[in-house]
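The values are calculated or read from the model by the stated rules, or taken from the named source; none is laboratory data. Since this is a predicted model, take the numbers as computed values, not measurements. Here the Cβ is made from the backbone with ideal geometry for all residues, glycine too, and neighbour counts use every protein chain on show.
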Amino acid sequence: MLPVSGAGQDAPMSAAEFEAYVTGRTLTYAQSGETYGIEQYLPGRKVIWAFVGDQCQRGFWYPQGELICFVYDNEPAAQCWRFFRAPRGGLIAQFADGDGQGGEDGLQLYEARNSDSPLSCPGPDVGA
């Protein structure tokens, strides 16, 4: 499955649709056939995100118009996305830049895996 543009698709998912779809799930996102990162969606709009091979970051999401915006502990600036239902199932996420415009050249990810298993987050190295 290849990512496709949000242009020409149905309207982005509403916050309620997005919340109903993701809560209690762990989604793996990919770009051009390569895993990009994994996000676990917890109740109360809480999330845990990890890039491949990186440490987990806790955060939360909130709606802003048609966008779903994420704020993480390590990055206080909101990162906003439009989420669409993919024609063959799953989600397509289209990054929106600072003014919420996004665009054809913006980052697009697609849902490569959907699981009810929690994200594995090893703790930092700690001395004994």
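Quick notes
- Matching residues in region 104-121 - criterion: being under 17 Å from the mean Cα position of the chain (by Cα) and either modelled with pLDDT under 75 or under 26 Å from residue 82 (Cβ atoms) (or both): 106, 107, 108, 109, 110, 111, 112, 113, 114, 115, 116, 119
- Consider region 38-48 and keep the residues that are under 13 Å from residue 121 (Cβ atoms) and free of Cβ contacts under 8 Å to residues at least 60 places away in the same chain. The one that is surrounded by the fewest Cβ atoms within 10 Å (Cβ to Cβ) is 42.
- Residues (of a type in the set (Val, Ile, Thr) and more than 10 Å from the chain's Cα centre (by Cα)) located in region 27-47: 35
- The requirement of being at pLDDT 95 or above, surrounded by fewer than 19 Cβ atoms within 10 Å (Cβ to Cβ) and not aliphatic (A, V, I, L, M) is not satisfied by residue 124.
- Check on residue 55, within 30 Å of residue 122 (Cβ to Cβ), assigned to a loop (DSSP other than H, G, I, E, B), of a type outside the set (Lys, Arg) and at pLDDT below 95: yes
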